[in-house]
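The values are calculated or read from the model by the stated rules, or taken from the named source; none is laboratory data. It should be emphasised that the depicted structure is a prediction, and the values quoted were computed from it without experimental measurement. A quick note on method: Cβ atoms are made from the backbone with ideal geometry, for glycine too, and the neighbour counts reach across all protein chains shown. Protein only, heavy atoms only, side chains kept; ligands, DNA and RNA dropped before computing areas. Shrake-Rupley method; radii C 1.70, N 1.55, O 1.52, S 1.80 Å.
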Amino acid sequence: MHPAPAACEYIVLQTLALPDPEITSETGMFLRGDAGVVADPEDGSITLQAGSAADFGTYFNLFNLGTWSRNARLDGLRLVLKGTGRVRAECMGGRLEHDRSRFDPEAERPETLTADAGLLLAEELSLSEAGALLEIGPKLGAADADARIPMQEGLLWLRLVALEDEAVLIHGSWQSGAARARDDLSLAICVTSYRREAETTRMAERVTEFLDRESASLGAEITLIISDNGQTLALPPHPRLTVLPNANLGGSGGFARGLAEARTRDASHVLFMDDDAAFMMENLRRTVAFLRLARSARAAVAGAMISAGQPTAIWENGAVFYRRCHPLFIGANLLDPVDTGLMELRAARPKPANFYGGWWFFAFPVEATRHDPFPFFVRGDDISFSLANRFDTVTLPGVVSFQEDFAAKQSPQTFYLDLRNHLHHHLVHDSLDIGAYGSGFVALRFIARALVRMHYDSADAMLMAWEDVMSGPVFFKRNIDMSARRAVLAKISRAESWRDVTPPKRQSDPKPPPVLFGRVMKYTANGLLIPLFRLFGRQAMVPIGLRGQIWPVWGARRASFYDASFTRGYSVRHSKRRGWRIIWRAAKLMSRWVQTYEGTRVAHRIGYDELTTPEFWQEQFAKGPEPSEAPAHTPEPVASGAAD
């Protein structure tokens with residue numbers, strides 16, 4: 001909705017939002033109402049016929065009282081509504097009836113979904129351009145919370161009912177007193193871009209238009225810095241925009257360059273964003289408001305992520321790292337008020353030490369940054385950054401980025417990068433040290449998943465990643481631009497390369513196999529231990545949404561994977577020759593890993609401190625990337641889809 005200028009004595013915490021047509025059209029994530037409620041995303045208005053009710057208890061419009069009261073210096077809370085007509089404004093509240101004291105990252109929801117909701121406050125208001133006021137809690141944030149708010153934890157939301165004739169809501173915002181808000185906050189938005197000219201240009205236009213229109217009401221100085229790793233951007237000049245041509249040092253190098261530029265400008269905070277992340281400008285308003293009121297000098301904001309494959313579900317609302325990545329609240333249905341409410345109630349709890357935020361949207365204080373990004377090139381740099389700097393990170397309702405389906409991005413190169421960073425994190429961070437066998441089994445698990453899915457190219461790539469980690473931190477310095485490794489990975493990515501294909505006649509999703517059959521396939525490595533399996537194994541068709549699962553390929557001697565349009569895909573085949581070769585190499589690497597683990601661990605910890613300093617990155621920016629090492633291992637050429 002159209003934001004209103006904030007009075008100097010109040011700070012707008014969040015506005016009542018409607019979908020941005022450029023980002024999403026799913027109105028149900030923003031508003032629920034009967035047939036008499038009509039929302040117009042173009043002008044931000046909501047029209048209610050007499051007797052109709054609009055409910056804002058949705059992901060984008062819930063107010064998370066627990067997050068704000070615990071982490072920010074609120075000075076009262078009020079809801080300002082502008083429009084025309086007579087309405088009854090009801091401030092609703094909800095919290096868990098039965099809570100859990102411990103959060104299990106592997107089980108995102110309680111076994112029994114229970115929540116209560118009760119009316120906290122209701123008043124009849126005459127909407128006007130001047131703004132009708134619903135005072136929620138004038139003492140909220142003080143030691144003695146107002147009696148009308150029986151909880152400092154929980155969720156608040158607005159329910160609006162038109163009383164007589166038609167009512168139109170043109171603006172609504174949650175506000176708090178600004179007396180304790182910092183007025184010196186300066187935010188540098190740092191984006192790393194690589195040859196995504198159209199997307200980056202449009203993102204820059206949207207951000208600068210928003211800042212030109214709203215900078216005064218935000219109460220902070222905000223600039224946009226784009227690290228152009230492809231050196232292909234030609235954006236029109238703008239006083240709030242800086243484009244930095246940069247060598248292709250990956251996301252790590254691009255974000256490190258933006259952070260370095262932010263330091264030269266004495267920015268108090270930095271916001272890292274991906275060039276392929278689409279987000280609503282309300283993200284910036286809520287993030288800046290929280291940072292201005294944050295209690296902790298280490299306060300950071302991690303944006304959630306919604307995948308294009310499931311546009312009404314959470315892919316990740318923050319994550320924890322232990323042995324592997326555990327996205328929090330994955331699959332939470334944002335059209336379901338109970339699912340959404342439970343997620344937000346649990347998200348308000350203090351975060352564990354191994355919590356991290358993705359760099360599609362991550363805002364943090366510069367002064368609290370003890371380590372710059374590690375030169376991973378891409379993948380794992382955001383995990384490492386959060387673990388090393390120990391920010392006090394929160395997530396906020398509706399602060400989210402929409403991104404391409406992660407399953408579509410999987411390739412031998414991404415698996416190489418994923419295993420490499422997983423092993424590195426366990427070597428470097430004390431809280432993640434699980435020893436030689438524990439970390440070695442992390443690698444074996446990655447490789448085994450690729451093996452049973454017949455993704456032998458990916459398994460070869462991960463074996464190479466394991467070897468590279470054992471080379472020590474000097475590998476990362478000498479391969480900072482990854483050019484040599486990318487060339488090798490391109491050569492081995494044969495069977496798993498996407499190409500134009502003829503759509504299959506049947507395009508239905510496969511059904512999970514019987515449990516017993518699945519167990520047989522699991523314990524025989526999907527037929528690897530069964531003689532002549534290629535003669536009777538089935539052919540499987542796997543759509544993009546199931547690409548990351550194992551069960552769709554159980555019992556298959558050949559599997560064909562398709563994108564959402566079924567016009568692009570690739571096929572893999574069962575091969576005992578490649579499978580056993582991978583197993584033999586993995587066994588040898590495991591033995592070597594155990595023998596050299598202590599020396600490898602010490603070297604990586606020393607190297608981490610050296611490779612995450614501003615001075616290290618300044619050297620790279622000054623001279624460009626160092627010549628890459630010749631690859632230590634080049635896999636033997638194997639015909640694509642070789643069979644027994």
If you go through region 186-207, how many residues are among the hydroxyl-bearing types (Ser, Thr, Tyr) and either part of a helix (DSSP H, G or I) or farther than 17 Å from ALA363 by Cα (or both)? 4
Subset of region 305-364 (residues that are among the hydroxyl-bearing types (Ser, Thr, Tyr), open to solvent by 10 Å² or more (accessible area, probe 1.4 Å) and under 27 Å from ASP20 (Cα atoms)): THR312
Counting only residues that are in contact (Cβ under 8 Å) with a residue 40 or more places away in the chain and buried (at least 16 other Cβ atoms within 10 Å of the Cβ), give me the helices (runs of 4 or more DSSP H) lying completely in region 457-560 with at least 3 of them. 474-478, 483-492
How about region 30-112: which strands (runs of 3 or more DSSP E) wholly inside it have at least 3 residues that are modelled with pLDDT of 85 or more, β-branched (Val, Ile, Thr) and surrounded by 15 or more Cβ atoms within 10 Å (Cβ to Cβ)? 77-95
So the check is Cβ under 6 Å with 6+ separation or different chains; which pairs have a first residue in region 411-429 that's of a type in the set (Asp, Glu) and a second one that's open to solvent by 10 Å² or more (accessible area, probe 1.4 Å)? ASP418/ARG379
Options ILE434, ILE447: the member that is in contact with a strand residue (DSSP E or B) (Cβ under 9 Å, 6 or more places away or on another chain) and in contact (Cβ under 8 Å) with a residue 24 or more places away in the chain: ILE434
Among the residues of region 347-356, is any modelled with pLDDT of 90 or more and in a helix (DSSP H, G or I)? yes
Flagged in region 211-248 as touching a residue at least 60 places away in the same chain (Cβ under 8 Å), of a type outside the set (Gly, Ala, Ser) and either in a loop (DSSP other than H, G, I, E, B) or surrounded by fewer than 20 Cβ atoms within 10 Å (Cβ to Cβ) (or both), in numbering order, are GLU214, ASN246, ASN248
Restricting attention to region 561-585, which residues are open to solvent by 10 Å² or more (accessible area, probe 1.4 Å) and not in a loop (DSSP other than H, G, I, E, B)? TYR562, ARG568, SER571, ARG573, LYS576, ARG577, ARG578, TRP580, ARG581, ILE583, TRP584, ARG585
